[in-house]
Amino acid sequence: MEFKQEFIEKLTNAKRIVFFTGAGISVESGISTFRGKDGIWNKLKPEELANFNAFLKNPDMVWEWYQHRRQIIHEAKPNPGHIAIAEFQNYFEDVTVVTQNIDNLHRRAGSKKIFELHGNIERNYCIDCGTFYNSPDLDISKGVPKCKNCGGLIRPDVVWFGEMLPQDEYNSGEKAAESSDICFVVGTSAVVYPAVYIPMTAKQSGAYLVEINIDTTEFSRYADYSILGEAGKILPLILEEIKKIRKG
């Protein structure tokens, strides 16, 4: 694949990189189909499960649904796109990942500076006292686990419908976007608010906006450069260009 010369020049001079990622990059790891064709979850809509009222009404069912998702995510592996993003850290002064995904694959791939806008399915917390628990540390043999400190229900540390994004994660992602030289928008149509303000902030602050997606999106009109294809194929190719630049 031959990249635009303008893009190559931007890569040559860039010091600070932001990756804004969405579900598309994790589809390549097999995470999109968390409900099997014949699974019981086909009869239920995610929005009917992924909200606080549903959890209070039927905590065991919601917990079971998330355990099913955790199992699929646990078996998934970071793909070449995740790995390439992590390798960018070897060639730039600062590389930040701002992700809408909850699957922890960026961290497992080796990325160090990550801001998770929608939480992380491998973390959990008590709805009463706020104590955090990692999933492997919980006893799930009797349905939804209870807090060891206060006995409250423990829920997944993910953002449900109707809930605010974690402000510390969002603000840190926005700050990274403001100072970035290149912002890659990977595997997302970037139409979910307020998350979409992250790449828009980068562009308004002067960053070069690169979209990597299998199809054009509503966000394509804002991109300085749109590259169509799978992130797992395109990002390693970009990384090879970076290596050539560094050697040159």
**Request:** Among the numbered conditions (1) more than 30 Å from residue 9 (Cα to Cα); (2) not in a loop (DSSP other than H, G, I, E, B), tell me where residue 241 comes up short.
**Result:** (1)
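So that you can scan it fast, the table gives a plain yes or no per residue for (1) modelled with pLDDT of 90 or more; (2) in a strand (DSSP E or B); (3) within 23 Å of the chain's Cα centre (by Cα):
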{"residue": "20", "(1), (2), (3)": "yes, yes, yes"}
{"residue": "34", "(1), (2), (3)": "no, no, yes"}
{"residue": "56", "(1), (2), (3)": "yes, no, no"}
{"residue": "67", "(1), (2), (3)": "no, no, yes"}
{"residue": "70", "(1), (2), (3)": "no, no, yes"}
{"residue": "78", "(1), (2), (3)": "yes, no, yes"}
**Complete:** Here the residues within region 67-106 that are under 20 Å from residue 169 (Cβ atoms), touching a Ser or Thr at 6+ places or on another chain (Cβ under 8 Å) and of a type in the set (S, T, N, Q) are 89, 96, 99, 100, 101
**Request:** Name the single residue, out of those in region 159-179 being assigned to a helix (DSSP H, G or I) and in contact (Cβ under 8 Å) with a residue 12 or more places away in the chain, that is nearest to residue 119 (Cα to Cα).
**Result:** 169
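When the residues of region 121-155 are narrowed to those that are among the hydroxyl-bearing types (Ser, Thr, Tyr) and outside any strand (DSSP E or B), which ends up nearest to the chain's Cα centre (by Cα)?
First, pick out the residues of region 121-155 that are among the hydroxyl-bearing types (Ser, Thr, Tyr): 125, 131, 133, 135, 141.
With the extra rule that they be outside any strand (DSSP E or B), the set shrinks to 131, 135, 141.
Details: 131: 24, 135: 19, 141: 29 Å.
Result: 135.
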**Message:** Report every pair of residues separated by at least 6 positions or lying on different chains whose Cβ atoms are under 8 Å apart, first residue within region 130-142 and on the phi < 0 side of the Ramachandran plot and surrounded by 14 or more Cβ atoms within 10 Å (Cβ to Cβ), second of a type in the set (Lys, Arg) and at pLDDT 90 or above.
**Reply:** 131/148; 133/123; 135/123
**Complete:** A careful count of residues in region 180-202 that are of a type outside the set (Ser, Thr, Tyr), closer than 11 Å to residue 18 by Cβ and free of Cβ contacts under 8 Å to residues at least 40 places away in the same chain gives 0
**Complete:** Those residues of region 221-234 that are surrounded by fewer than 19 Cβ atoms within 10 Å (Cβ to Cβ) and more than 19 Å from the chain's Cα centre (by Cα) come to a total of 6
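The values are calculated or read from the model by the stated rules, or taken from the named source; none is laboratory data. Everything quoted here is computed from the prediction, not taken from an experiment. Note that we place each Cβ from the backbone using ideal geometry, even for glycine, and neighbour counts take in every protein chain shown.
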